[in-house]
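Below is one structure; the comments refer to it alone.
The values are calculated or read from the model by the stated rules, or taken from the named source; none is laboratory data. Remember, predicted model here, so these are calculated numbers, not experimental data. Quick reminder, even Gly has a Cβ in these numbers, built from the backbone with ideal geometry, and neighbours come from all protein chains shown.
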């Protein structure tokens, strides 16, 4: 599916400038890329979080599309109700226009507090797209750890020190959890791959049923790097395979980005002050552990892709 930059640049923005998100924030980049893929009107629901708070400061709004502020935990539930009401109106012949429904949430409002509402909406089969702009912590309320926070990260609730080296648990795999619901489409990508984001969003909007886009959106404040390095940080996430980019379409896994030369995890750690302690000589074992986990996950993903490809080829040969 080709993405035409010239055509995209002529489309009106669904999320405009003038918002109050931090300089270098990855969230608005992710959402603007997703909205560019929509070829029909979009209604947005947004869980409480950085994106909602900084784009809708009363009496102003940065949204040029219909927008509903949901509570922290129920963006998916709000989108479910909208989609169900829309289907009812169409069945009754009271409404004929085609509309997309887009639910938004950060990792705190998706991986954690909103997971129940999201799981229910996916299981019921509501026709909507859920986007998690994943900045790997509760950034809006003070950089507390979430279940999306990586192993070893220094946050305000998992500080590194003599007692422990930052967060001691592994990151939850939201993409695989959602795909396990049997939904028609799920993708994991990042803002450095803008063509991939738009391509995946196009597929998600056109999927017949619920779709998930899990988009890594780096946060300079929480990750502690210079604000002009956001896109480079996203590139580094994919090149180290800390954040592999792939899609699961009707159960078929395909990797959308394979680095020519896979970089070591220490490069990812060195670029962010939240991982600075992981590079100390006394934490060498933890660094090896983090690298081993990334290598294992990447190998598993490649195996899933190979199995899917073999199955597709076998089916075609029959």
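A compact table of results
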item: Residue check, residue 175 more than 26 Å from residue 259 (Cβ to Cβ) and either at pLDDT 95 or above or surrounded by fewer than 19 Cβ atoms within 10 Å (Cβ to Cβ) (or both); result: no
item: Candidate set from segment 274-294 (those that are free of Cβ contacts under 8 Å to residues at least 12 places away in the same chain and assigned to a helix (DSSP H, G or I)); member that is farthest from residue 260 (Cα to Cα); result: 282
item: Test: residue in segment 244-257 that is part of a helix (DSSP H, G or I) and either farther than 14 Å from residue 150 by Cβ or touching a residue at least 12 places away in the same chain (Cβ under 8 Å) (or both); result: no
item: Unique match (being surrounded by fewer than 21 Cβ atoms within 10 Å (Cβ to Cβ) and in contact with a helix residue (DSSP H, G or I) (Cβ under 9 Å, 6 or more places away or on another chain)) among 290, 217, 211, 273; result: 273
item: Residues (in contact with a strand residue (DSSP E or B) (Cβ under 9 Å, 6 or more places away or on another chain) and surrounded by fewer than 20 Cβ atoms within 10 Å (Cβ to Cβ)) located in segment 43-62; result: 43, 56, 61
item: Sole exception among (1) more than 23 Å from residue 199 (Cα to Cα); (2) touching a residue at least 24 places away in the same chain (Cβ under 8 Å); (3) in contact with a helix residue (DSSP H, G or I) (Cβ under 6 Å, 6 or more places away or on another chain) for residue 123, by number; result: (3)
item: Index of the failed condition, residue 162 passing every other in (1) at pLDDT below 95; (2) within 27 Å of residue 35 (Cβ to Cβ); result: (2)
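A quick yes/no check of all residues on (1) in a strand (DSSP E or B); (2) under 13 Å from the mean Cα position of the chain (by Cα); (3) under 28 Å from residue 120 (Cβ atoms):
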position: 200; (1), (2), (3): no, yes, yes
position: 205; (1), (2), (3): no, no, yes
position: 209; (1), (2), (3): no, no, yes
position: 229; (1), (2), (3): no, no, no
position: 234; (1), (2), (3): no, yes, no
position: 242; (1), (2), (3): no, no, no
